[in-house]
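For reference, the structure discussed in these notes is given below.
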Amino acid sequence: MIEKNTTLYKLMVLFMLDKAGEAMTSAHFSDFVLEKGYTDYFTLQASLSELEEAGLVNTRHAAGRTLFTLSDEGRNSLKFYNGRISDEIKQEMTAYLKEKNFELEEENLALSEYYEDGKGGFSARCRIRENDKQLVELSLSVPTKEQAEAICLQWNEKYYEVYECLMDILLR
């Protein structure tokens with residue numbers, strides 16, 4: 001019975017990612033399943049890990065959080081097993097996503113990540129997206145991981161100020 005339920009939780013995650021059309025954090029899934037009482041936090045986290053291992057979701061790490069997106073394999077699996085999710089649960093998930101739509105769009109507007117540059121330093125990659133259009137992409141090389149992390153964290157708070165400043169300077 002537990003395996004059947006974890007299959008449902010995985011399908012729910014795939015459904016939500018498909019409907020959202022945006023990257024989502026585990027906090028979004030947790031908010032929904034815990035609020036509705038479907039499962040506990042640990043079972044959900046195990047389901048997310050299994051989805052990632054199976055290649056049904058893609059993950060990327062940015063600004064201290066993990067973002068999940070639906071892979072092509074995940075989309076195909078959802079099409080095949082979509083009927084295993086009741087219409088009532090689908091309606092609940094759709095309503096939740098409509099309620100959180102602005103929040104999801106806002107979270108995916110400013111993206112940042114850092115990585116080792118292979119030359120003994122780190123690079124922080126910062127982007128602003130709007131309606132699937134890349135407005136700004138900025139890469140900064142720094143000597144330490146701590147500096148790269150700080151840039152990514154600040155980007156999420158100050159991206160709009162940086163954008164305004166760049167536009168002001170470049171369009172004078």
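Data table
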| item | result |
| --- | --- |
| Residue check for residue 100: within 18 Å of residue 18 (Cα to Cα) and surrounded by 15 or more Cβ atoms within 10 Å (Cβ to Cβ) | yes |
| Where a residue in the range 101-125 is closer than 30 Å to residue 32 by Cα and at pLDDT 80 or above and its partner, wherever it lies, is in a strand (DSSP E or B) and open to solvent by 70 Å² or more (accessible area, probe 1.4 Å), with Cβ under 7 Å and at least six apart | 113/61 |
| Residue check for residue 37: small (Gly, Ala, Ser), farther than 30 Å from residue 150 by Cα and touching a helix residue (DSSP H, G or I) at 6+ places or on another chain (Cβ under 7 Å) | no |
| Output for the range 13-33, where each listed residue is out of contact with any helix residue (DSSP H, G or I) (no Cβ under 7 Å at 6 or more places or on another chain) and surrounded by fewer than 17 Cβ atoms within 10 Å (Cβ to Cβ) | 21, 25, 27, 31 |
| Flag if residue 166 is outside any helix (DSSP H, G or I) and more than 17 Å from residue 115 (Cα to Cα) | no |
| Subset of the range 160-172 [surrounded by 12 or more Cβ atoms within 10 Å (Cβ to Cβ) and over 25 Å from the mean Cα position of the chain (by Cα)] | 166, 167 |
| Selection status of residue 47, open to solvent by less than 50 Å² (accessible area, probe 1.4 Å) and in contact with a Leu (Cβ under 8 Å, 6 or more places away or on another chain) | no |
| The range 126-159, subset in contact (Cβ under 8 Å) with a residue 60 or more places away in the chain and closer than 14 Å to residue 111 by Cβ, residue surrounded by the fewest Cβ atoms within 10 Å (Cβ to Cβ) | 153 |
| Candidate set: the range 1-57, residues that are over 18 Å from residue 74 (Cα atoms) and hydrophobic (A, V, I, L, M, F, W, C); chosen: the one nearest to the chain's Cα centre (by Cα) | 27 |
| Subset of the range 19-68 [among the small types (Gly, Ala, Ser) and out of contact with any strand residue (DSSP E or B) (no Cβ under 7 Å at 6 or more places or on another chain)] | 20, 21, 27, 30, 37, 46, 47, 49, 54, 55, 64 |
| Condition met for residue 92 (part of a helix (DSSP H, G or I) and charged (D, E, K, R)) | yes |
| Single match in 159, 163 (criterion: over 20 Å from residue 60 (Cβ atoms) and modelled with pLDDT under 85) | 163 |
| Residue identified as closer than 28 Å to residue 20 by Cα, modelled with pLDDT of 90 or more and β-branched (Val, Ile, Thr) among 128, 85 | 85 |
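The values are calculated or read from the model by the stated rules, or taken from the named source; none is laboratory data. This one's a predicted model, so the numbers in the text were calculated from it and none came from an experiment. Cβ coordinates were reconstructed from backbone atoms using ideal geometry, including for glycine residues, and neighbour counts include every protein chain displayed. Quick note on the areas: whole protein, heavy atoms, side chains included, nothing else; ligands and nucleic acids left out. Shrake-Rupley method; radii C 1.70, N 1.55, O 1.52, S 1.80 Å.
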